[in-house]
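Working notes, beginning with the structure itself.
The values are calculated or read from the model by the stated rules, or taken from the named source; none is laboratory data. As the structure is a prediction and not an experimental result, all values here were calculated from the model. Positions of Cβ are backbone-derived with ideal geometry, glycine not excepted, and every protein chain shown enters the neighbour counts. Accessible surface is based on the protein model in full, side chains and every heavy atom, while ligands, DNA and RNA are left aside. Shrake-Rupley method; radii C 1.70, N 1.55, O 1.52, S 1.80 Å.
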Amino acid sequence: MVTDDARIVDAKACQLESWVKDSRGRSEYWALPACNFTGNLELTLGGARASAIGQAPTTGVVLQGKTIFKALETNGWGIGLAAGMARPPQTAAGQRDWYAYVPTSFSFHDDAMVVHANVGWLRDGQSRRDRLTWGAGTEAQLAERTWLIAETFGQNAGKPFYQLGLRIWLVPDRVQLDATYGDRNGGNRQERWFSIGLRILSAPFLP
């Protein structure tokens, strides 16, 4: 999901989020490893490789820090802050986006449904303009290991995007598989996409 949650990887543990995003004539391959060395600061450094028909492959990079001010509890809520730099694979070398956002999450029905809301700021490296960013998403439990995920997100300019899919825990709390379909409201065929994601979480490995 693009809409982030008010959670971070366990203290002294790491995770790897990876996915393939395929749209008409274009594919992106992402890998974002992250670790929480201190207990309340998740650091992410990763990137992407993209290929499009008739074009040379391009790469991108993401560097982010995320912390939690109030931990999400069952039937409660949580809030945090994330900030970082991104160079999407479709942008020219040297152009970087700077961003920050506040992720907020709300738990309902003993964690059977969790709702997420984001509001933030983006400094677009290509247009050199500041933009307001937002997102709203939900995770709803369908079975013991299966969840329905849905979200909408966008900026203060342009039509928003949406995404819908399933999330399955292949190994509870350790290995997660996502499959989603996304599009822009009123968009064309080139803006539709399918994605398959794999998330692997480690147990704490530091004393």
Open item on the list: Could you sort the peptides 46-52, 1-7 by per-residue average Cβ neighbour count (10 Å cutoff), highest mean leading?
Closed with: 1-7, 46-52
Task: For the chain, alpha-carbon Rg over 2.2 N^0.38 Å - done: 1.01
Open item on the list: Defining a contact as two alpha carbons under 8 Å apart and six or more residues distant in sequence, what relative contact order in percent does the chain show?
Closed with: 20 percent
TODO: Averaging sequence separations of C-alpha pairs under 8 Å and six or more residues apart, then dividing by the length of the range 15-68, give the relative contact order as a whole percent.
DONE: 30 percent
Task: Highest-first arrangement of 182-194, 114-126, where packing means the average Cβ count within 10 Å - done: 114-126, 182-194
Task: Estimated vicinal HN-Hα couplings, Hz - the range 200-207 in sequence order (Karplus 6.51, -1.76, 1.60; Gly, Pro = x) - done: 10, 10, 8, 6, x, 10, 10, x
Open item on the list: Explain nothing, just compute: Karplus ³J(HN,Hα) = 6.51 cos²θ - 1.76 cosθ + 1.60, θ = phi - 60°, for every residue of the range 184-195 in order, whole Hz, x for Gly and Pro.
Closed with: 9, 4, x, x, 9, 4, 5, 8, 7, 8, 10, 9
Open item on the list: Through the Karplus equation 6.51 cos²θ - 1.76 cosθ + 1.60, θ set to phi - 60°, convert the phi angles of the range 70-80 into ³J(HN,Hα) values in whole Hz; use x for Gly and Pro.
Closed with: 9, 5, 6, 10, 4, 6, x, 9, x, 8, x
Task: Accessible surface ranking that places the most exposed of F69, F108 first, with a 1.4 angstrom probe - done: F69, F108
TODO: Might you tell me the accessible area per residue for the range 1-98, computed with a 1.4 Å probe and given in Å²?
DONE: 52 Å²
Open item on the list: Let me cross-check V61: its accessible surface, 1.4 Å probe, with only protein heavy atoms counted, in Å² to the nearest 10?
Closed with: 40 Å²
Task: Under 26 Å between alpha carbons - lysine pairs in the chain that sit 8 or more apart or on different chains - done: 4
